[in-house]
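S.K.: Here's a structure for you.
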Amino acid sequence: MRKALRGVLSLAMLIGAVGATGTSAGAATAAIPAVEQAGGTTSAANASTEDIKDRILAIPGMSLIEEKPVSGYRFFVLEYTQPIDHRKPSRGTFQQRITLLHKDTSRPTVFYTGGYNVSTSAGRSEPTRIVDGNQVSLEYRFFTPSRPEPADWSKLDIWQAASDQHRVFTALKKIYDRNWLSTGGSKGGMTATYYERFYPKDMDGVVAYVAPNDVWNKEDSAYDRFFAKVGTKDCRDRLNGVQREALIRRAPLEAKYEAYAAENGYTFTTVGSLDRAYEAVVMDYVWAFWQYSKVADCAALPADAGAATDQEIWDSVDGISGFSAYADQGLERYTPYYYQAGTQLGSPDIKQPWLGDLSRYGYQPPRNFVPRSIPMTFQPFAMLDVDTWVTHHADRMMYVYGENDPWGAERFRIGKGARDSYVYTAPGANHGANVAGLVADESAEATATILRWAGVAPAAVAADPAKAKALAPYDKRLDKQDAQLNRERSLRP
């Protein structure tokens, strides 16, 4: 994805002995449990009386980290033994973190992927609330602690990650045997798409939110067209003015940055220098604003950037882009993302002509944000393959985008070969776009489709989709904005 990202995957047969559940992350010699045994020895006759935790832990390779109390559910934090390389499973394993929000085995299940770390606090994705179902959430491979040790970074790709999902689904489907939907936002929406591309028979539907689709990494003019017209002219002028001033005043603001870094223990070995990190943050400013803010937020921006104080320019850039983003300490957690952006996913670029010759480095590539000890080679046809498949073969796939979200400038589109698939745009929405934010008739239509895919559409909704609504009531503890949209001040999808 984007450079700065910079809020804002032929499964081989797995053969081996059981007993790897207690291994630590990355145990290179642990055996892979056979997927065929995932249901344990529980029979259909006694399954209804056996505790759900016992049934889950009877899956070979599954272990419990903890169970947390959640009203109306049971919430488990788990680890599952996965092969480092699904093509050669005998070459070692690692422990992948999973959470399971259990409601009832008679309900549908939503498979959520954020594309990054998984939260160990209970939360529901929008589809989970709509279908009133269970939710399985998976941490993306190589995000700690779900990282092999030592890490062979060549095994971090979209097919391997999709195969992780396939094994988890295959294991849990024996317990949760009703319909399954996959979902995710941003990089999670991409992840759900790649899973469907490689394992199209697993899910009964896909709901992908704000999923970028950088098909041709070197052709990014769609973003330039987006920034030329997004929002209002006054808002664009305010943003451009602050960004210009941040580069014009590089010397005094970098002095402030140096003091800020010293106070917080920040270093800049990966990106190369404080100057490169400073400019990367400033170059993100306009993109980050539209990713996470709305037109109404423009009123808080300096109306005359030239007359603003250094502190006002600093505060605006820090509040929107975040000066910690390109320090080593800010980059380390997201090394797997930048690695993928520089090897398969691609990374958007924009010209930002209002900056003239003030930029020294331009939009820096993902290579600059990954330690040089990790080799990277870009695969130019990985995204073309996925895009072509979605365009011509999508079946029961839904995409939801925000009108004012930069990531939607390059998006997935549905072609003539697709079946029962849809692309929606939420008016005025940013990177947090969802089904509820669509215009009323489209929101009802999308909700009815999700209920139908999950196999739980009430008769009244089947007769009249306009009557569709979420089956579970809103819960402020569980239904906060998707945390995996990475609302941290940097431009990651």
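The values are calculated or read from the model by the stated rules, or taken from the named source; none is laboratory data. Just so you know, these numbers come straight off a predicted model, no measurement behind them. Reconstructed Cβ throughout: ideal geometry from the backbone, glycine too, with neighbour counts over all protein chains shown. Each accessible area value is taken on the protein alone, full model and side chains, heavy atoms only, with ligands, DNA and RNA left out. Shrake-Rupley method; radii C 1.70, N 1.55, O 1.52, S 1.80 Å.
S.K.: Anything in region 320-356 that is charged (D, E, K, R) and either within 14 Å of Ala280 (Cα to Cα) or in contact with an Asp or Glu (Cβ under 7 Å, 6 or more places away or on another chain) (or both)? List them, or say none.
M.R.: Scanning region 320-356 gives Asp328, Asp349, Lys351.
S.K.: Of the residues that make up region 454-468, is at least one part of a helix (DSSP H, G or I), touching a strand residue (DSSP E or B) at 6+ places or on another chain (Cβ under 8 Å) and surrounded by 19 or more Cβ atoms within 10 Å (Cβ to Cβ)?
M.R.: The answer is yes; a qualifying residue exists.
Matching residues to (1) in contact with a His (Cβ under 6 Å, 6 or more places away or on another chain); (2) farther than 23 Å from Ala192 by Cα; (3) open to solvent by 40 Å² or more (accessible area, probe 1.4 Å):
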| position | (1), (2), (3) |
| --- | --- |
| Ile52 | yes, yes, no |
| Ile59 | no, yes, no |
| Lys103 | no, no, yes |
| Ser154 | no, no, yes |
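S.K.: Could I ask something else about it? Pull up region 392-423, narrow it to residues that are open to solvent by less than 10 Å² (accessible area, probe 1.4 Å) and aromatic (Phe, Trp, Tyr), then point me to the one that is farthest from Glu219 (Cα to Cα).
M.R.: So the residue we want is Tyr399.
S.K.: Further question: Which one of the conditions (1) within 16 Å of Pro212 (Cβ to Cβ); (2) of a type in the set (A, V, I, L, M, F, W, C); (3) open to solvent by less than 20 Å² (accessible area, probe 1.4 Å) does Ile313 fail to meet, given that it meets all the rest?
M.R.: Of the numbered conditions (1) within 16 Å of Pro212 (Cβ to Cβ); (2) of a type in the set (A, V, I, L, M, F, W, C); (3) open to solvent by less than 20 Å² (accessible area, probe 1.4 Å), the odd one out for Ile313 is (1).
Here's the yes/no breakdown for (1) at pLDDT 95 or above; (2) surrounded by fewer than 19 Cβ atoms within 10 Å (Cβ to Cβ); (3) closer than 16 Å to Cys298 by Cβ:
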position	(1), (2), (3)
Lys233	yes, yes, yes
Asn240	yes, yes, yes
Ile248	yes, yes, no
Leu253	yes, no, no
Tyr257	yes, no, no
Ala262	yes, yes, no
Val271	yes, no, no
Asp275	yes, yes, no
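S.K.: Would you check which residues across region 235-252 are under 32 Å from the mean Cα position of the chain (by Cα) and not β-branched (Val, Ile, Thr) and list them?
M.R.: If the condition is that a residue be under 32 Å from the mean Cα position of the chain (by Cα) and not β-branched (Val, Ile, Thr), then Cys235, Arg236, Asp237, Arg238, Leu239, Asn240, Gly241, Gln243, Arg244, Ala246, Leu247 are the ones that fit.
S.K.: Could you check region 352-383 and list, in sequence order, the residues that are among the hydrophobic types (A, V, I, L, M, F, W, C) and surrounded by 13 or more Cβ atoms within 10 Å (Cβ to Cβ)?
M.R.: Trp354, Leu355, Leu358, Phe369, Val370, Ile374, Met376, Phe378, Ala382, Met383
S.K.: Now for a different question. Among the residues of region 156-180, write down those that are touching an Asp or Glu at 6+ places or on another chain (Cβ under 6 Å) and outside any helix (DSSP H, G or I).
M.R.: Those that are touching an Asp or Glu at 6+ places or on another chain (Cβ under 6 Å) and outside any helix (DSSP H, G or I): Asn179, Trp180.
S.K.: If we keep just the residues of region 424-438 that are in a helix (DSSP H, G or I) and among the small types (Gly, Ala, Ser), which is farthest from Pro473 (Cα to Cα)?
M.R.: Gly437
S.K.: Among residues belonging to region 386-423 that are small (Gly, Ala, Ser) and not in a loop (DSSP other than H, G, I, E, B), point out the one that is farthest from the chain's Cα centre (by Cα).
M.R.: Only one residue tops the list, namely Ala409.
S.K.: Yes or no: Arg367 of a type in the set (Lys, Arg), within 23 Å of the chain's Cα centre (by Cα) and within 30 Å of Gln160 (Cα to Cα)?
M.R.: For Arg367, the condition - of a type in the set (Lys, Arg), within 23 Å of the chain's Cα centre (by Cα) and within 30 Å of Gln160 (Cα to Cα) - is met.
S.K.: Can you name the condition, by its number, that Leu101 falls short on among (1) part of a helix (DSSP H, G or I); (2) over 26 Å from Gly408 (Cα atoms); (3) among the aliphatic types (A, V, I, L, M)?
M.R.: (1)
S.K.: Every residue in region 78-101 that is open to solvent by less than 10 Å² (accessible area, probe 1.4 Å), of a type in the set (Val, Ile, Thr) and in contact with an Asp or Glu (Cβ under 9 Å, 6 or more places away or on another chain), please.
M.R.: Ile98, Thr99
S.K.: Applying the selection to region 115-148, what residues are in a loop (DSSP other than H, G, I, E, B) and open to solvent by less than 10 Å² (accessible area, probe 1.4 Å)?
M.R.: Within region 115-148, Gly115, Tyr116, Gly133, Glu139, Arg141, Phe142, Phe143, Ser146, Pro148 meet the criteria.
S.K.: Can you report the number of residues in region 181-214 which are closer than 16 Å to His166 by Cβ, in contact with a helix residue (DSSP H, G or I) (Cβ under 6 Å, 6 or more places away or on another chain) and in a helix (DSSP H, G or I)?
M.R.: Counting residues in region 181-214 that are closer than 16 Å to His166 by Cβ, in contact with a helix residue (DSSP H, G or I) (Cβ under 6 Å, 6 or more places away or on another chain) and in a helix (DSSP H, G or I) gives 4.
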